[in-house]
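Student: Supplied in structure tokens, the structure appears directly below.
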Amino acid sequence: WDWLYRALVLLVIACPCALVISTPVSIVAALTAAARNGVLVKGGAFIEIPAKLKAVALDKTGTLTEGRPAVVEVVPLNGHDEAELLARAAGLEARSEHPLARAIIEYVAGKGVAVSPAEDLKAVPGKGATGRWQGRAFWAGSPRYLSERGQQTDDVRQRIEAMARAGRTVVVVGNEEHVCGLIALADAVRPTTAGAIRALKELGVGRVVMLTGDNEATGRAIGGEAGVDDVRAGLLPEDKVGAVEALVAEFGTVAMVGDGVNDAPALARASLGVAMGAGTDAAIETADVALMSDDLGRLPWLVRHSRRTLSVIGQNVAFSLAVKALFVALTFAGYSSLWGAIAADTGASLLVIFNGMRLLQGGRAAQ
């Protein structure tokens, strides 16, 4: 009868309740705490990845910067005046959701210039748009698109380079014959950007890279102000995917942070896709994490929160196994009882739950 009794004690203590719930209760608490802090994580698997990040890739417009560029300079060329240039640019950008396009539309509206949407509009991904405005073919796009069209002159190149060195993004407007003019826009770096990047480095993230479709000079100016380790400029959406794949191959666990349609493929390729809350639907749907407060400072908080979550899970698993190992030893030694085993099993389950729920308290992100 003694061994039958001991067998019953072992049967009770072998119940895996505490061990089984040690991880789920911690994950649910961690997801809830993240949501309270403006970080929407799309599942338990993605709450664990930030703890292992080795590199972070960041889009520029809308991620490192405010995403609210403003027109700061308009330069008509080849006999065109400002109103004419703005009307053509607005017509080509009328249906675009890109931050630069919206900034141009707002500027044109403030100037009181009538906007007539262009016909036969075609987007050139990562470069610009083409269309017919008042019966004539026009285009608007990046300096790279201008170069590809073979319409760049020394005067235009020098003007673009001067604007880029000042950290401005340039939109070029032209027709089949020549460049009609340049529109320079400036976008301020987010106040939390530099601090967030410093915090990521302090947490052990080995490389912080900025990926942008903008030109090299503008990218360097913004990247220097933000404090990133590397700037990769002039990238098309597929180039961003390639850059992320290279980082994954080099570092293993990589996060990509972006907000636009052009960032969605790179977000999907990264180990962890992070979208800014005010970003496009495509970016948010593709990403694994959404920063609903649109605050890049939430990213280092998420890394710390993830590490704390893994620590709590480790504590729960270790405690559950230790309790069971102790009672197995006591049972074989003849010092345990059935009621003691029941109390230990139930008590371990409760302690694991309470320890996991600690993740709901403290560790709140700075406002």
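The values are calculated or read from the model by the stated rules, or taken from the named source; none is laboratory data. These numbers were taken from a predicted model, which means no experiment stands behind them. Here Cβ is always computed from backbone atoms with ideal geometry, including for glycine, and neighbour counts include all displayed protein chains. For accessibility, only protein heavy atoms count, side chains too; no ligands or nucleic acids. Shrake-Rupley method; radii C 1.70, N 1.55, O 1.52, S 1.80 Å.
Student: In square angstrom, rounded to the nearest 10, how much accessible surface does residue 10 have for a 1.4 Å probe?
Tutor: 50 Å²
Student: Also, quick follow-up: So, in nm, how far is label residue 342 from label residue 20 when the simple model puts each one 7 Å beyond its Cα toward the Cβ?
Tutor: Placing both labels 7 Å beyond Cα along the Cβ direction yields 1.9 nm.
Student: Heavy atoms of the protein only, probe of 1.4 Å, neighbouring chains included. What is the accessible area of residue 269 in Å², nearest 10?
Tutor: Looks like 100 Å² after rounding.
Student: Under the Karplus relation 6.51 cos²θ - 1.76 cosθ + 1.60, θ = phi - 60°, what is the ordered set of whole-Hz ³J(HN,Hα) values for region 218-234, x standing for Gly and Pro?
Tutor: So the J values, rounded to whole Hz, are 5, x, 5, 5, 5, x, x, 5, 7, x, 6, 7, 8, 10, 10, 10, x.
Student: On the protein heavy atoms, probe 1.4 angstrom, tell me the percent of accessible surface of the chain carried by carbon and sulfur.
Tutor: Reported share for carbon and sulfur atoms: 57 percent.
Student: Now a separate question. With each run of n ≥ 4 DSSP H residues scored as -39500 (n - 2.57), what mean residue ellipticity at 222 nm is computed for the chain after dividing by its residue count and rounding to the nearest 500 deg cm²/dmol?
Tutor: Mean residue ellipticity at 222 nm (helix-derived): -16000 deg cm²/dmol.
Student: Quote to one decimal, in nm, the extra length available between residue 317 and residue 353 on full extension: 0.36 nm per residue of separation minus the C-alpha distance between them.
Tutor: Result for the pair: 11.8 nm of gain on full extension.
Student: Check region 1-136 and count each lysine pair with an alpha-carbon distance under 25 angstrom, considering only pairs eight or more places apart or from different chains.
Tutor: Eligible lysine pairs with Cα atoms under 25 Å apart amount to 6.
Student: Karplus couplings for region 343-356 from phi (6.51 cos²θ - 1.76 cosθ + 1.60, θ = phi - 60°), rounded to Hz, Gly and Pro as x?
Tutor: Using θ = phi - 60°, the values come out as 5, 5, 5, 5, x, 4, 4, 5, 5, 4, 5, 5, 5, x Hz.
Student: Here is a follow-up. Where only protein heavy atoms count, and the probe is 1.4 Å, what is the accessible area per residue for the chain in Å²? Could you put the intermediate results ahead of the total?
Tutor: On the way: 16250 Å² over 367 residues.
In whole numbers, the chain has 44 Å² accessible per residue.
Student: Let's test the formula: R0 of 41 Å, r as the Cβ-Cβ distance of residue 335 and residue 45. What FRET efficiency results, to the nearest 0.05?
Tutor: The formula returns an efficiency of 0.45 here.
Student: Sticking with this structure for a sec: Here are several values of percent of Cα pairs over 27 Å apart: (1) 53; (2) 56; (3) 47. Which one was derived from the coordinates shown?
Tutor: Of the listed options (1) 53; (2) 56; (3) 47, (2) comes from this structure.
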